[in-house]
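Only one structure is covered here, and it is reproduced in the block below.
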Amino acid sequence: MNVEPEFKVLVADDSAVYRKLVEHALSPEEYNVLFAKNGRQAIDLFVEHHPPLVITDWMMPDISGIELIESIRRDFPTSYTYIIILTGMTDTDKVVSGLAAGADDYLKKPFHAEELLARLGAGRRIIGLHRQLEVKNRLLEELALTDALTGLPNRRAVEAWGTRQLAGAARHGFSFWVAMIDLDCFKSVNDTYGHAAGDAVIQTFAEILKTNTRSSEICGRIGGEEFLLILTHSLKHDIEIVIHRIRKELEAHRFKFGETSLGITASFGISGFQGRTIPDFNVLVNQADLALYSAKRNGRNRVELMVFDEPEG
């Protein structure tokens, strides 16, 4: 069996004899084995290396195998660890209590090397399935927070990020800005040139928005032709420069649909906050939305800013 060298196994046993027996059993399989002489050392090694598989003796002088298992299950719930408990006990109730504490399997002392390897192999297969599941869950979570057309964060992701950052802004006193953006007369693009053309416009503007957003900020598509941009740690003057740069970059871009060259514009509404009392994030979004409607009413392709009083100094 070809086992990757980085597959780590933590072995906790106060008996030098049994540590040596485990070492002899695992050596041919090229496991990366970490040995602990007691429960405390086992916890320290686990914290440092996060091995996916643990073999622990039941009886140890300081921290028992059961206490080690409970510690791993309690303190490291986000990553799966397969745990085999070694025991000289034959009492079924004791074995059941070990499994109930969080062990995945048990092996009675004295053990045969072949049986230990077989149980490790079963553990590795289960670990592999857990890793596949974790990858799929991360992918599903990412998809749930990503707009499929643009690859930008979606409304759910932007609102979650914005709510967290808003709390930080109030706690540390830095500025927090919300910009609502809507592509002007977008329906006519879809009606005249088709939805593929409309998608191309949205994707192009998403790229413009992304290239003008710092890594410490966020931009996202929140539905249709609407986008949301959140900026922090900036003065009103700097925010206006950024937003107008985005506006002008879109205005200068020419979209070609067949023989037609078309210009697209966008309107922007901005609201801001700086203080110690945390407003509701949706309140700021609604204020930015009102500013956006004002930009639309005043001729489109413009920026409207809610009144924002910066503290002196």
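The values are calculated or read from the model by the stated rules, or taken from the named source; none is laboratory data. All of these numbers come straight from a predicted model, not from anything done at the bench. Virtual Cβ from ideal backbone geometry, glycine too; neighbours counted across all protein chains shown. For the accessible areas, the whole protein counts, side chains as well, though only heavy atoms, and no ligand, DNA or RNA atoms are used. Shrake-Rupley method; radii C 1.70, N 1.55, O 1.52, S 1.80 Å.
Which residue out of 158, 135, 178 is open to solvent by 70 Å² or more (accessible area, probe 1.4 Å) and β-branched (Val, Ile, Thr)?
135
Consider segment 204-240. How many of its residues are open to solvent by 80 Å² or more (accessible area, probe 1.4 Å) and assigned to a helix (DSSP H, G or I)?
Selection size over segment 204-240: 4.
For segment 206-217, how many residues are within 19 Å of residue 240 (Cβ to Cβ) and touching a residue at least 24 places away in the same chain (Cβ under 8 Å)?
3
Here's the yes/no breakdown for (1) out of contact with any Asp or Glu (no Cβ under 6 Å at 6 or more places or on another chain); (2) buried (at least 19 other Cβ atoms within 10 Å of the Cβ); (3) polar (S, T, N, Q):
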position: 82; (1), (2), (3): no, yes, no
position: 86; (1), (2), (3): no, yes, no
position: 93; (1), (2), (3): yes, no, no
position: 96; (1), (2), (3): yes, no, no
position: 100; (1), (2), (3): yes, no, no
position: 104; (1), (2), (3): yes, yes, no
position: 107; (1), (2), (3): yes, no, no
position: 122; (1), (2), (3): yes, no, no
position: 126; (1), (2), (3): yes, no, no
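May I ask you to verify whether residue 189 is assigned to a helix (DSSP H, G or I), surrounded by 20 or more Cβ atoms within 10 Å (Cβ to Cβ) and touching a Gly at 6+ places or on another chain (Cβ under 7 Å)?
Yes: the conditions hold for residue 189.
Which ones in segment 266-278 are in contact with a strand residue (DSSP E or B) (Cβ under 8 Å, 6 or more places away or on another chain) and not in a strand (DSSP E or B)?
Result: 274, single match.
Return yes or no: is residue 169 out of contact with any helix residue (DSSP H, G or I) (no Cβ under 6 Å at 6 or more places or on another chain), open to solvent by less than 10 Å² (accessible area, probe 1.4 Å) and among the small types (Gly, Ala, Ser)?
Yes, satisfied.
So, in segment 246-278, exactly how many residues are of a type in the set (A, V, I, L, M, F, W, C) and within 21 Å of residue 188 (Cα to Cα)?
The total comes to 8.
Considering segment 29-75 alone, what residues qualify as being hydrophobic (A, V, I, L, M, F, W, C), surrounded by fewer than 16 Cβ atoms within 10 Å (Cβ to Cβ) and at pLDDT below 90?
Selection gives 59 alone.
Yes or no: residue 77 in a loop (DSSP other than H, G, I, E, B) and over 31 Å from the mean Cα position of the chain (by Cα)?
Spelling it out, it is not the case that residue 77 is in a loop (DSSP other than H, G, I, E, B) and over 31 Å from the mean Cα position of the chain (by Cα).
Only one residue in 247, 302, 276 is among the charged types (D, E, K, R) and at pLDDT below 95, so which one is that?
276
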